[in-house]
Structures are given as C-alpha cells and as structure tokens.
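The values are calculated or read from the model by the stated rules, or taken from the named source; none is laboratory data. Keep in mind that what you see is a predicted model, and the values were worked out from it rather than measured. Cβ placement follows ideal geometry from the backbone for every residue including glycine, while neighbour counts extend to all protein chains displayed. When the accessible area is computed, the model is the full protein with side chains, heavy atoms only, and any ligands, DNA or RNA have been set aside. Shrake-Rupley method; radii C 1.70, N 1.55, O 1.52, S 1.80 Å.
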Amino acid sequence: MSITVHGIDELKKLAGSDLGTSEWIAVTQERIHTFADATGDHQWIHVDPEKAAAGPFGAPIAHGYLTLSLFIPLFTELLDVRGVTTKVNYGLNKVRFPAPVKAGSRIRLAGRLAEVEDVAGGVQITVDGTIEIEGGTKPAAVLQSLSRFYA
C-alpha cells in the first residue's frame, strides 16, 4: 500500500518512517534477456539456461544491476510524492548483492525513509532499501538510495 504525501512539508514529517513493502514482482528469464539486450551483458550465467543450470547457482540468475534497476518501480509502490515539480534519482550511497535472484523468482522492496534534508529548491531523501527474494534467506540487494524532490 502506497503512502501519499502532498508537498515537501508532508514529506519531511515522514523522516525516519517505515514505508512498508511493495508487491512481489517476477524476475522472468524474458526480463533477464531484455536487460541483457539493453546493456550488452550477455554473460552465460544470465542468458544460457542450460549452461547456467550446471553452473554455481543451478539456474540462470538476474544481473545485479537488473535487480537494482527494479528499485524505482518497486519504490513508487511505497511512496507517492505529489505537489512537487520534479523528482530525480540523485544516486546511491551503498549497494550490496548478498544473494542471486534466480530466473523465475519473485522480489519485493522493503523501505524506510531514513532522512529528509533540505537542498536548494527542494529536499533530498535517503531511503534504506532491502530487495527481498520470496522464500529466500538472504536479500537480493541492500541499498541506500538518494532522490531529490523540487518544489
């Protein structure tokens, strides 16, 4: 369930809040192939199911950066900021990929709005995120994301 805020002042009041979890989304082999085509990264562990089945993970796995790229659509399920003119990804402080995402797995995001700080013309938010793998014992990704919202 998404939290909706109207404007920067309401966003500031959420600092330190748990944002909940997104819905599960599937990381299909087709999605992995599409990402490989978009990035030019066609390593066998991602795109050759037969060879990957005999590899270290027993199946093809998603690119770490594919998993990371899904942060934004998952995050938009958690927080909807209205009443701002511009929303931009500002970067990342830290990213780790503790566990691979096997093709056919489902992932979701658990997020916490760690900080909201003023910047010229708006605010910068820091989100602590964990991308979980359904049924997994370790997360697919643990990250700290920075975004800016301008009035």
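Just to be sure I understand the filter: pairs with C-beta atoms under 8 Å, separated by 6 or more residues or on different chains, first member in region 131-151 and more than 14 Å from Ala103 (Cα to Cα) and among the acidic types (Asp, Glu), second member open to solvent by less than 50 Å² (accessible area, probe 1.4 Å) and part of a loop (DSSP other than H, G, I, E, B). Which pairs pass?
Every condition considered, the pairs that remain are Glu132/Pro139; Glu132/Ala140.
Hey, among the residues in region 9-31 that are assigned to a strand (DSSP E or B) and among the polar types (S, T, N, Q), which one's surrounded by the most Cβ atoms within 10 Å (Cβ to Cβ)?
We begin by selecting, within region 9-31, every residue assigned to a strand (DSSP E or B); these are 17-21, 25-27.
Right, trim to among the polar types (S, T, N, Q) and you get 17, 21.
On the way: Ser17: 14, Thr21: 16.
Only one residue fits best here, namely Thr21.
Mind checking which pairs have a first residue in region 93-108 that is farther than 19 Å from Leu78 by Cβ and a second that is charged (D, E, K, R), Cβ under 7 Å, 6 or more apart or different chains?
Cβ pairs passing all conditions: Pro98/Lys138; Ala99/Lys138; Ser105/Glu134.
Condition first: open to solvent by 30 Å² or more (accessible area, probe 1.4 Å) and either touching a Ser or Thr at 6+ places or on another chain (Cβ under 7 Å) or of a type in the set (Asp, Glu) (or both). Now tell me which residues in region 129-148 satisfy that. Steps first, answer last, please.
Taking region 129-148 as the starting set, the residues that turn out to be open to solvent by 30 Å² or more (accessible area, probe 1.4 Å) are 130, 132, 134-139, 142, 144, 148.
Scanning region 129-148 gives Glu132, Glu134, Pro139, Val142, Gln144.
I need a count of the residues in region 74-96 that are open to solvent by 70 Å² or more (accessible area, probe 1.4 Å), farther than 16 Å from Tyr150 by Cβ and in contact with a strand residue (DSSP E or B) (Cβ under 7 Å, 6 or more places away or on another chain).
4
Within region 114-128, identify whether any single residue is touching a Gly at 6+ places or on another chain (Cβ under 7 Å), within 29 Å of Ile45 (Cα to Cα) and either modelled with pLDDT under 95 or open to solvent by less than 30 Å² (accessible area, probe 1.4 Å) (or both), and answer yes or no.
No, the conditions are met nowhere in region 114-128.
Out of everything in region 98-111 that is crowded, with 17+ Cβ neighbours inside 10 Å and farther than 17 Å from Arg31 by Cβ, what residue ends up being farthest from the chain's Cα centre (by Cα)? Can you show your working first?
So in region 98-111, the residues crowded, with 17+ Cβ neighbours inside 10 Å come out as 99-103, 105, 107-111.
Next cut, farther than 17 Å from Arg31 by Cβ only: 99, 110-111.
Numbers: Ala99: 14, Ala110: 9, Gly111: 9 Å.
Of everything passing the filter in region 98-111, Ala99 is farthest from the chain's Cα centre (by Cα).
Which one is nearest to the chain's Cα centre (by Cα) among residues in region 32-65 that are touching a residue at least 40 places away in the same chain (Cβ under 8 Å) and open to solvent by 50 Å² or more (accessible area, probe 1.4 Å)?
Phe57
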